[in-house]
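Working notes, structure below.
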Amino acid sequence: MFRWLLLFPALALVVVGCLTTFKSPDWAPWKLAVLAGEFGHGLAILAIALGVMAWTTRGSQDVFAGAIVGVTALAAVLLLKPTFQAWRVGRGLPEKLQRQFGHVALDRPAFSVAAFFGPAPKAVPVETFAYAADLALDFYHPVRSDARPGPCVIVVHGGGWNGGVRGEIAPLNHWLARRGYAVAAITYRLAPKFTWPAQRDDILEAIAFLKAHAAALGIDATRLVLLGRSAGGNLAEATAYAAPDPAIRGVVALYAPADVNFAYACGREDDVLKSPALLRQFLGGPPESARAAYEGASGYLHVGEFTPPTLLIHGELDTLVWHRQSERLDQKLAAAGIAHAFVSLPWATHGMEYNLSGPGGQLTTFAVEWFLGAVTK
């Protein structure tokens, strides 16, 4: 009976481990893929422990115990796959970033197994400001060795344009502030009550607020970077690409849909996000009746000579935003001669930076820090 109790969790770990190799199906909770990819090293230890228990309690010629050990070994291999793949991506990441953005001296490697057990970033002081009617931003005060004005990262949250909060994955904001960057995490008006370009206008309003209060906040109004996740990455790209502002030194887009026309054409009414309906809410209708909105909200269509340097990070197993979105933007930025880098993570899904100490979190923070160091000099 005891070994039967070992078999079921071992099989469950195999199923979770498969999410490091195959996309999560639409009917499955996609966040399990985040668990597998970014916390899999911890689950692998559990799998190994189950195998050891099965082996130490085996009888003579106990085939069942051997089968359990085989299952736990398979689970451990699948769950440790992101660790190996992150190591491979990390080996070439500094060269890729240096080739596009120049050399930046960082005090850590792109990926380290030892960092799995590192502490969470310590919190910094946060103030909330109203930057427009019914809209606020959280300002994370940077930790710096001097009082000179420094760069500011404007964080645009995800949530499918109809949800999300400015405090999502706040540890990254605290981490950035600990590395010397001020962070302004902003809210914006949401669909379906507010359609594009309301969201772009809100981002521009937040930028204007930060510029007007730069002295009081201790930031350099000429060194701003937009960082957005998912829908927020779409908004960051569309805003920065369509209305070039020399103060916006760069754009960081994490698993973002760069081209909403492409998203609508490839989406299905029954996919995990109900993508076409979501886009109709955000843009005021289908492409046939809201063509200007679809074009305006597609940063992909606005790539040109004044496009700011861009960092793209996307998981290849993302079930919410197709990895092809970042691939296409990468190709278009390359054709236009824009300084940019595309960090593609083979095991990862949406929200892969949730665990800053995990494989996706380590590579994301390394790439973001390098990028910010280069573009905000």
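The values are calculated or read from the model by the stated rules, or taken from the named source; none is laboratory data. Everything numeric in this text was worked out from a predicted model, so none of it was measured. Here the Cβ positions follow ideal geometry from the backbone for every residue, glycine too, while neighbour counts run over all protein chains shown.
Scanning the stretch 320-342 for residues that are touching a strand residue (DSSP E or B) at 6+ places or on another chain (Cβ under 7 Å), in contact (Cβ under 8 Å) with a residue 24 or more places away in the chain and among the charged types (D, E, K, R) turns up nothing. Scanning the stretch 281-319 for residues that are crowded, with 24+ Cβ neighbours inside 10 Å and under 30 Å from ALA36 (Cα atoms), we see that the one that is farthest from the chain's Cα centre (by Cα) is THR310.
For ALA75, indicate whether it is free of Cβ contacts under 8 Å to residues at least 40 places away in the same chain and of a type in the set (A, V, I, L, M).
On the way: free of Cβ contacts under 8 Å to residues at least 40 places away in the same chain: no; of a type in the set (A, V, I, L, M): yes.
Considered against the rule, which asks whether it is free of Cβ contacts under 8 Å to residues at least 40 places away in the same chain and of a type in the set (A, V, I, L, M), ALA75 comes out as no.
Filtered by the rule that a residue be in contact (Cβ under 8 Å) with a residue 12 or more places away in the chain and over 14 Å from LEU80 (Cα atoms), the stretch 34-57 gives LEU50, GLY51, MET53, ALA54, TRP55, THR57. Across the stretch 172-193, the qualifying residues are those that are in contact (Cβ under 8 Å) with a residue 40 or more places away in the chain and part of a loop (DSSP other than H, G, I, E, B), and the one among them that is surrounded by the fewest Cβ atoms within 10 Å (Cβ to Cβ) is PRO192.
If I ask for residues that are of a type outside the set (Lys, Arg), under 27 Å from LEU46 (Cβ atoms) and touching a residue at least 40 places away in the same chain (Cβ under 8 Å), which ones from the stretch 78-105 would you list? Break it down into steps so the answer makes sense when it comes.
Start the filter on the stretch 78-105 by keeping residues that are of a type outside the set (Lys, Arg), which leaves 78-80, 82-87, 89-90, 92-95, 97-98, 100-105.
Those left that are additionally under 27 Å from LEU46 (Cβ atoms): 78-80, 82-87, 89-90.
Passing the criteria: LEU78, LEU79, LEU80, PRO82, THR83, GLN85, ALA86, VAL89, GLY90.
Using the structure shown, decide if ALA236 is assigned to a helix (DSSP H, G or I), surrounded by fewer than 17 Cβ atoms within 10 Å (Cβ to Cβ) and not polar (S, T, N, Q). No; evaluated as a whole, the condition is false for this residue. Taking the conditions (1) over 24 Å from LYS377 (Cα atoms); (2) in contact (Cβ under 8 Å) with a residue 60 or more places away in the chain; (3) in a helix (DSSP H, G or I); (4) out of contact with any Leu (no Cβ under 8 Å at 6 or more places or on another chain) in turn, ALA215 satisfies each one other than (1).
Would you be able to tell me the number of residues in the stretch 353-371 that are of a type in the set (A, V, I, L, M) and surrounded by fewer than 22 Cβ atoms within 10 Å (Cβ to Cβ)? Steps first, please.
Of the residues in the stretch 353-371, the ones of a type in the set (A, V, I, L, M) are 356, 363, 367-368.
Imposing the further condition that a residue be surrounded by fewer than 22 Cβ atoms within 10 Å (Cβ to Cβ) reduces the set to 356.
So the count comes out to 1.
For every residue, the table says whether it meets (1) closer than 24 Å to GLU353 by Cβ; (2) in the same structural domain as LEU273 (by TED's automatic domain parsing); (3) under 18 Å from the mean Cα position of the chain (by Cα); (4) buried (at least 16 other Cβ atoms within 10 Å of the Cβ).
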residue: LEU13; (1), (2), (3), (4): yes, no, no, yes
residue: THR21; (1), (2), (3), (4): yes, no, no, no
residue: TRP27; (1), (2), (3), (4): no, no, no, no
residue: LEU50; (1), (2), (3), (4): no, no, no, yes
residue: ALA54; (1), (2), (3), (4): no, no, no, yes
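With respect to TYR181, is the statement that it is in the same structural domain as LEU135 (by TED's automatic domain parsing), of a type in the set (Ser, Thr, Tyr) and on the phi < 0 side of the Ramachandran plot true? Full working, then the answer.
On the way: in the same structural domain as LEU135 (by TED's automatic domain parsing): yes; of a type in the set (Ser, Thr, Tyr): yes; on the phi < 0 side of the Ramachandran plot: yes.
Yes.
Looking at GLY167, GLY163, which one is in contact with a Leu (Cβ under 8 Å, 6 or more places away or on another chain), surrounded by fewer than 17 Cβ atoms within 10 Å (Cβ to Cβ), without any contact (Cβ under 8 Å) to a residue 40 or more places away in the chain and not in a strand (DSSP E or B)?
On the way: GLY167 fails: in contact with a Leu (Cβ under 8 Å, 6 or more places away or on another chain).
After ruling out the rest, the residue left standing is GLY163.
Against the test of being farther than 30 Å from TRP322 by Cβ and among the hydrophobic types (A, V, I, L, M, F, W, C), the options ALA36, ALA28, ALA75, ALA54 yield a single qualifying residue, ALA54.
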